[in-house]
Amino acid sequence: MLLSALLLSTLCFASSVSAAFGFTKSGSNYVIDAGSSEPLIFTVSGTSCDITSIKYRNVELQGRSKGSHISSGLGTATVSATQVNGKYVKVTCATSTLTHYLVAKSGDSTIYMATYITAEPSIGELRFIARLQSSRLPNEYPYGAVSTTAGSSSTVEGSDVFLVNGQTRSKFYSSTRFIDKDAQCVYGGSDEIHVCMLTPQPESSSGGPFFRDIETNNGGDDTNLYWYMNSGHVKTEEWRTNNILHGPYMMVFSRSGVPSIKNVDISFFSELDVKGFVPNSSRGYVSGTVSGVPSNLQAVVHWYNSAAQYWTIASSNGAFKSPAMKAGSYTMVLYQGEYKVATTTGVSVSAGGTTSKNIASTMTSRNSLWKIGEYDGQPTGFLNADKFLRMHPSDSRMTSWKPVTYTVGSSSVEQFPMALFQNVNNPVTIKFNLASAPGAATLCIATTLSFSGSRPQAKVNSWTGPSPAAPTKIDSRGVTRGAYRGYGEVYDVNIPSGTLVTGSNTITISSISGSSSTSPFLNPNLIFDCVELFT
């Protein structure tokens, strides 16, 4: 009974060992047999490190146009293979700034990988791309066909947002927040073969717990399955590049449905002499309690330094414990949802130890006259916020973008726009009644992301508020590729006494910028988080 339970708990990560396990040399190439009961045999080029063949259950899955590889391919690399402890085959691909590892574990239909870098490589974005046959693996998990661009009738934006059967599609729409990430898969065929990328802890990537990046793309000839480690897509943090190991991460082959990160064990990497790998025995933890986060919002604790990033979600009573962390000194951040409410520095983690550290929200109570939305770091609940992650703003499934008049007390939150585009739906007007004139007040406009220098300017009745300085530029498209998280600028507009009056009042919020575009949704724009008037 115990053996059966263990086998079931590991899903496709454990299967019976075959005598075929090992590797052979074929010309300059290495052919690796995982020795699993669901046979996995893959071939690695001995000159470029490209995976040129992937046969699972005797079916060729590798795409025809290009190999599967790091970035757009290493071009040339010093490639070697060795068998370790009779249980693993390790392929090592070395260049001047990068060492990429591919590992087969005896009896396991998985290609384990890790990538060690001493500098950002010159070969493009740091990512692994599995280029697989779309005829065999046409479907995407978990978000359906959002990135299937085969059969496109036209391009909507740039060379990466397409119109397919009246719906907008893009590889960008396949993204998932790091904190939510589990398996990302492509699958198909009568035998329901699944190929899934799993990334247990993106500790060496950048952007924090809520960062999102491309996961899948079916462009016709190939279905692409990605693991992005570094990219310039809404980049808010410097890449971690100096003697850093990205991974381990893995490509899992299965007919048993979708595997889970919860069942992954990468501790065996400590046997493989992989540069930069830090076993749990050399790591530590942080535990404590959070306070001050409303019960209806997730309390997320985040740690980061120049070498690593980690996060966890506090329990309903506020207790938390970090993942296993590299030793060092960290900045610790508390979010309600995705809205930053506390920061503390100098949190020390030592190998084998657990540091005790509590953290409390610094949000203060306010005499709120009204509030639209919630301070959660997302455009949750606003107009089209339920759609934009998976489609372009021009998509016919979107509610029409036009200037909105929102009446406090009678309009629903769903009528307030999630984004304000110049020359499209600018401005948004807010109407409200006050039982008495409050004197001086503050209008807080919390945003999540700005594009092309957009920032909000408010007009309150006949008084026009100041023009804020341009926010820090992020050199990347935002809402049109399903992104919403930037630096999270918050603008407090100090309204002079005598401006607000008893009875009817009107506030307009406009997106202002010195830039413009001929493409409507590439005009300067900002994304709303929350708007509140308080005294």
Descending packing, highest mean Cβ count within 10 Å first, for 256-265, 108-117 is 108-117, 256-265
Pseudo-spin-label distance ALA119 to ASP182, built 7 Å along Cα→Cβ, given in nm, is 4.1 nm
In whole Hz, the Karplus estimates of ³J(HN,Hα) for segment 226-236 (6.51, -1.76, 1.60; θ = phi - 60°; x where Gly or Pro) are 10, 10, 8, 9, 9, 8, x, 7, 6, 7, 10
Given unit charges at Cβ for Lys, Arg (+) and Asp, Glu (-), the dipole magnitude of segment 368-534 about its Cα centre in debye, nearest 20, is 380 debye
Taking the alpha-carbon centre of each part, the distance from segment 46-60 to segment 346-390 in Å is 44 Å
From DSSP H assignment alone, runs of 4+ in the chain each adding -39500 (n - 2.57), the sum over residues rounded to the nearest 500 puts [θ] at 222 nm at -500 deg cm²/dmol
Counting only DSSP beta bridges with both partners in the chain, the antiparallel fraction in percent, to the nearest 5, comes to 95 percent
Under the Karplus relation with 6.51, -1.76 and 1.60 and θ = phi - 60°, whole-Hz ³J(HN,Hα) for segment 378-394, x at Gly and Pro, equal 9, x, 3, x, 7, 3, 6, 5, 7, 10, 5, 5, 10, 7, 6, x, 7
Cross-link reach from LYS275 to lysines, straight Cα distance under 16 Å and at least 8 residues apart if same chain, gives LYS90, LYS326
So SER368 and ASP221, fully extended at 0.36 nm per residue minus their Cα-Cα distance, gain in nm 47.3 nm
Here the residues of segment 519-535 lying in the modelled label zone of SER412, meaning backbone nitrogen under 17 Å from a point 7 Å along Cα-to-Cβ, are none
Ranked output for segments 55-68, 519-532 by mean other Cβ atoms within 10 Å, highest leading, reads 519-532, 55-68
Under 14 Å by backbone N from the virtual spin label 7 Å along Cα-to-Cβ at SER396, the residues of segment 164-193 are 164-169
Looking only at lysines whose Cα falls under 18 Å of LYS473's and that sit 8 or more positions away or on another chain, we get LYS235
With 0.36 nm assigned to each residue of separation and the Cα-Cα distance removed, ASN85 to THR97 gains 1.5 nm
Pairs over 18 Å Cα to Cα, from LYS55/LYS105; LYS181/LYS262; LYS340/LYS387, come to LYS340/LYS387
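The numbers here are math on the coordinates, done by the rules we state, and not lab data. What you see is a predicted model; the values in this text were computed from it and never measured. Neighbour counts run over all protein chains shown; Cβ positions are idealised from the backbone, glycine included.
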